[in-house]
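One structure below.
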Amino acid sequence: MSTSSVDRVPDGRSAPDPRIWPDLATPRWAPLRARAAEALFRRAVRPMNIRVCLPGGRRLGAGGPDAPRMWLHRPVTFFHRLGVDAKIGFGESYMAGDWTSDALAEVLTPFAERVATLVPPVLQRLRRFVDRAHPPGEDSSVTGARSNIRRHYDLSNEMFATFLDETMTYSSALFGAGDDLADAQRRKIDGVLDHAGVRSGTEVLEIGTGWGELAIRAARRGARVTTVTLSEQQRDLALRRIAAAGVADRVEVRLSDYREVRGSYDAVVSVEMIEAVGRQYWPDFFGAVGRRLRPGGRLGLQAITMPHDRMLASASSYTWMHKYIFPGGLLPSVAAIEQGLAEHAALRLYAVREFGQDYARTLREWRERFTSRWQEVACLGFDEVFRRMWEFYLAYSEAGFRARYLRVHQLAFAR
């Protein structure tokens, strides 16, 4: 294999529109870094139970005939993208069609299992010299957070509805015996509400409305709910769903940042919103929770987490996920959450539930729904590159949970 030749676009595979996807249509070329990336890739996949299929019939990886396959259609372009920025180039190569797979999450899982060792330790010391900085304006300040949230959650309510279940819940389900996805989402929500002690008469603040299902279920318990979101599209649909559920008299939906909320509450609940806060603003988030809780109040929090050492190692990295899916965020560790809430809110952890494999199942169901209903998504104006981007995002996330590199926790805190 050589990185000095030029790839052709495979037959039947459309090239990205440069007006929409300029970084994909015209990849940067870096011959020396591409050669280094090729050597590291070959080294990394050598022991993996996958088959990397190259043009001309060559194979990489330790997988046998039944192993998940990665077809590397354009190796030259692939290695140049990796060489320029491996944290972004691997996903961009999939978006551009440089490589495909018949079992995407299964191919990505061995990479997730070895994420800490894919790059040799001697080269990891150079990270600070090669890691790309986060772009200005994508931090999670009040202004930046509004922009970041709208880039993802205001894509299209109709698009999200193609792969979410009837509850329109966009976070990990918690499966019990015989549950379908909607049942498992309600089970998850009830778990968070139980952690926060939500019952009849409870005044609840929800940070991160989603499309309103948690607020509806809290109101049906007899609670009064104030819920805040930065997404206009989520706010509009949540209002309609809350009204349809007959609980509009007990739920107020505000288009507001968590830092702008005033008043005091018996309970604060938040489901998979802390991941978007950003490390710089964790003290603001934890402090806001503490100020809003009345004496004796409780917090029910659901969070995607990573090991503390990996969180520290990746805290400054700008990745494919930041560029294309969730700008400005960082996955916390349980230790970081526990310490932050103790220091800034005087809250102590008293209950924990972990269910990362349920998230892997949730993500697989979402991806299967998204793929099976792609024509509906396409009719909303999204192109094939967007399809590959979302396939990669959902499979990449599933692989992280399958490998147990990522976890999801429900955490209960009280003073």
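Could you state the principal axis extents of the C-alpha atoms in region 326-415, from the largest down, to the nearest angstrom?
50, 25, 19
Hey, could you pull the Cα Rg and Dmax for the chain, both in Å?
According to the Cα coordinates of the chain, Rg and Dmax are 22.1, 70 Å.
Starting from one equal scatterer on each C-alpha and no solvent at all, send me the Debye-based log10 I(q)/I(0) for region 214-328 at q = 0.14, 0.16 Å⁻¹, two decimals.
After summing over all Cα pairs, the log10 values are -0.70, -0.88.
For labels at residue 32 and residue 248 in the simple 7 Å Cα→Cβ model, what's the distance in nm?
If labels sit at residue 32 and residue 248, their model points lie 6.5 nm apart.
Counting other Cβ atoms within 10 Å, keep those with at most 10, restrict to DSSP loop, and tell me which trypsin sites (Lys or Arg not before Pro) in region 237-317 are left.
262
Trypsin sites (Lys or Arg not before Pro), restricted to region 31-95: which are DSSP loop and have at most 11 other Cβ atoms within 10 Å?
Answer by residue number: 58.
Counting only helical runs of four or more DSSP H residues, what would the 222 nm mean residue ellipticity of the chain come to if each run contributes -39,500 (n - 2.57) and the total is spread over all its residues?
Calculated at 222 nm, the ellipticity per residue is -13500 deg cm²/dmol.
Simple spin-label model, 7 Å along Cα-to-Cβ: residue 187 to residue 373 in nm?
The modelled label-to-label distance comes out at 2.2 nm.
Based on alpha-carbon atoms only, what is the radius of gyration of region 260-415 relative to the globular estimate 2.2 N^0.38 Å?
Compared with the compact-globule rule of thumb, region 260-415 sits at 1.16.
Throughout, read-outs are computed from the coordinates displayed, never taken from laboratory work. What you see is a predicted model; the values in this text were computed from it and never measured. Here Cβ is always computed from backbone atoms with ideal geometry, including for glycine, and neighbour counts include all displayed protein chains.
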